[in-house]
Amino acid sequence: MKVVIVGTGYVGLVTGACLAEVGTSVVCVDVDAAKIARLQKGLLPIYEPGLPEIVMRNQQSGGLSFTTSLASALPGAEVVFIAVGTPPGEDGSADLQYVLQVAHEVGQHMDHYLLVVTKSTVPVGTAARVNRAIKESLSARQRIIEYDVASNPEFLKEGAAVNDFLKPDRIVAGVNTTHAREVLEQLYRPFVLNGHPLLFMDVASAEMTKYAANAMLATRISYMNDMANVCTLVGADINQVRKGIGSDPRIGKHFLYPGIGYGGSCFPKDVKALIRTGREYGYQLRILEAVEAVNEDQKQLLADKVIRHFDGNISGRSFAIWGLSFKPNTDDMREAPSLILIERLLAAGAQVRVYDPVAMEEALPLLGNSVTFADDMYAAATDADAILLVTEWNAFRMPDWQRLKGLLQSPVLFDGRNIYDDVHLVKQGFTYYGIGNTA
Ligand code: UGA
């Protein structure tokens with residue numbers, strides 16, 4: 001089967017590469033000529049473990065190719081995935097202009113039956129708008145060509161995207177016709193052979209599933225951050241509480257880690273967009289409004305703790321920031337809590353030295369020369385008044401504490417992800433602050 005994927009961002013590129021990996025013939029299309037030229041040379045626009053190898057292998061075997069021309073990609077294709085960006089508009093709603101533009105273009109160039117599938121995260125009702133856009137373009141050409149529109153939201157996590165795609169927990173597909181169902185069944189057969197479900201449903205439910213899943217996960221995080229903050233006040237330890245509640249299978253142990261707020265390109269945007277959808281239909285999603293408010297406050301927590309430790313004045317002090325990306329195993333800086341933290345420290349007159357194993361190139365245009373980019377975690381800590389652990393990269397998990405003690409002005413550590421053992425650190429002579437377990 002031949003498939004065209006429009007949009008070579010996270011979702012499009014991973015989808016294209018992984019479909020090619022199981023023998024589907026894939027053409028990836030993007031309007032960004034520079035990006036396509038780089039991809040043709042095997043250079044990826046994102047950092048994602050395992051992806052370069054798959055792209056390279058399938059490009060060499062001819063199963064995966066890249067072009068800027070949708071028109072030239074369509075002949076012989078059976079499925080077109082729309083995986084272009086849906087950035088948040090000023091009012092929090094998802095901006096669908098790129099999705100609809102692609103739909104129009106498909107209608108302008110298609111010559112035979114196509115299954116057009118929305119893969120970008122899009123609000124309920126988008127598939128219907130995509131349908132209308134294709135119809136409009138076809139009528140402008142005075143052509144009648146059969147097509148279906150389906151919704152197939154993506155659930156991959158950055159940093160684990162290849163594995164998530166190849167071994168999905170489930171695949172959700174919203175379809176209107178038996179034919180669309182059969183095409184997707186055939187396409188996804190290699191991924192569900194080992195018992196992972198391919199869930200067919202109506203289109204609106206598929207669109208809604210994506211938002212409901214991300215909003216539920218964001219809710220868990222804000223809930224745990226709220227609990228962590230209460231733990232601090234009452235003298236309890238959120239790490240113990242987390243284990244205690246996570247052993248109840250109804251709650252489950254995953255995704256219960258408090259921290260310095262969720263970031264990334266998905267949760268903040270999707271929670272906002274769902275609140276907005278609710279409002280459009282006259283419904284106030286009060287839980288999600290609280291989830292968002294808690295998250296905004298949580299992004300300030302580490303800076304609050306630092307300022308409190310230094311008696312309200314950090315002017316002239318110097319801090320080491322370990323980790324910049326919104327989470328480990330990605331260079332993605334979108335909505336990264338590190339940016340808010342650094343802004344606060346700088347505004348209070350502090351100096352900041354940062355180190356991230358992968359994201360420094362992405363962070364450079366955002367931070368410019370307001371901070372110093374260090375060569376490694378120890379260089380960042382040299383002469384600093386404290387270390388602030390922001391992103392839980394594995395490289396930060398077992399530092400040489402005695403070496404750090406010698407480098408720091410004062411051995412103080414603010415652990416924004418609770419990855420260190422507080423008892424061990426205190427024994428090593430450090431003052432330790434975590435989330436939800438110390439004052
Ligand atoms: C998220 C979802 O997990 C994916 O299922 C979904 O497909 C994706 O959004 C999307 O919509 O495309 P992602 O944003 O890559 O994936 O990252 P997550 O691993 O979910 O982490 C999101 C944020 O939550 C990070 O800032 C992370 O640090 C934070 N988090 C996560 C916590 O604070 N605590 C946790 O226990 C888990």
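Numbers at a glance
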read-out	value
The chain: most fluctuating residue of Thr118, Thr330, Thr277 per GNM, C-alpha cutoff 10 Å	Thr277
The chain: angle of helix 178-192 to the longest principal axis, Cα-based, in degrees nearest 10	40
Sites matching GluC sites (Glu not before Pro) across segment 124-199 that sit in DSSP coil, with at most 12 neighbouring C-beta atoms within 10 Å	Glu146
DSSP beta bridges in segment 79-181 [antiparallel fraction, %, rounded to 5]	20
Charge-dipole axis of segment 111-152 as Lys and Arg at +1 and Asp and Glu at -1 on Cβ define it, positive-most pick from Leu115, Ala127, Tyr147	Ala127
Rounded tilt (10° steps) of 203-234 against the dominant C-alpha axis of the chain	10
Separation of alpha-carbon centers, segment 339-389 and segment 309-331, rounded to whole Å	6
Exposure proxy ranking, count of Cβ atoms within 10 Å, fewest first, for Glu48, Glu296	Glu296, Glu48
Magnitude of the charge dipole, segment 2-201, Cβ model with Lys/Arg +1 and Asp/Glu -1, debye to 20	300
Cβ-based exposure ranking for Arg308, Arg132, Arg344, in which fewest neighbours within 10 Å come first	Arg308, Arg132, Arg344
GNM flexibility winner over the chain from Ala293, Ala17, Ala384 (Cα, springs under 10 Å)	Ala293
DSSP-defined beta bridges in segment 2-201 - what % are antiparallel, rounded to 5	5
Whole-number D in µm²/s for segment 267-433 (Stokes-Einstein; Kirkwood sum over Cα pairs; 4 °C, 1.567 mPa s)	77
Only Lys, Arg (+1) and Asp, Glu (-1) charged, at Cβ; segment 138-231 dipole about Cα centre in debye	100
For the chain, size of Cβ-based charge dipole, Lys and Arg +1, Asp and Glu -1, in debye	440
Cross-link pairs Lys167/Lys427; Lys210/Lys243; Lys2/Lys253; Lys157/Lys427 - those with Cα-Cα distance over 32 Å	Lys167/Lys427; Lys2/Lys253; Lys157/Lys427
Acute angle (nearest 10 degrees) that the helix 286-309 long axis makes with the longest principal axis of the chain, alpha-carbon atoms	30
Residue (of Ala33, Asn176, Asn437) at the positive-pole extreme of the chain, dipole from beta-carbon charges	Asn176
Ranked Cys18, Cys231, criterion: other C-beta atoms within 10 Å, fewest first	Cys231, Cys18
Histogram of C-alpha separations across segment 1-106, 5 Å bin width, %	2, 13, 24, 25, 18, 10, 5, 2, 0, 0
The chain: most fluctuating residue of Val80, Val234, Val22 per GNM, C-alpha cutoff 10 Å	Val234
Beta bridges by DSSP in the chain, antiparallel share as percent, to the nearest 5	5
Overall dimensions of the chain by Cα: Rg and Dmax, Å	23.8, 78
For segment 2-201, with +1 on Lys and Arg beta carbons and -1 on Asp and Glu, the positive-most of Val3, Phe191, Ser61 along the dipole	Ser61
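Computed from the coordinates by the stated procedures, all read-outs in this text should not be read as laboratory data. All values derive from a computational prediction rather than experimental measurement. Quick reminder, even Gly has a Cβ in these numbers, built from the backbone with ideal geometry, and neighbours come from all protein chains shown.
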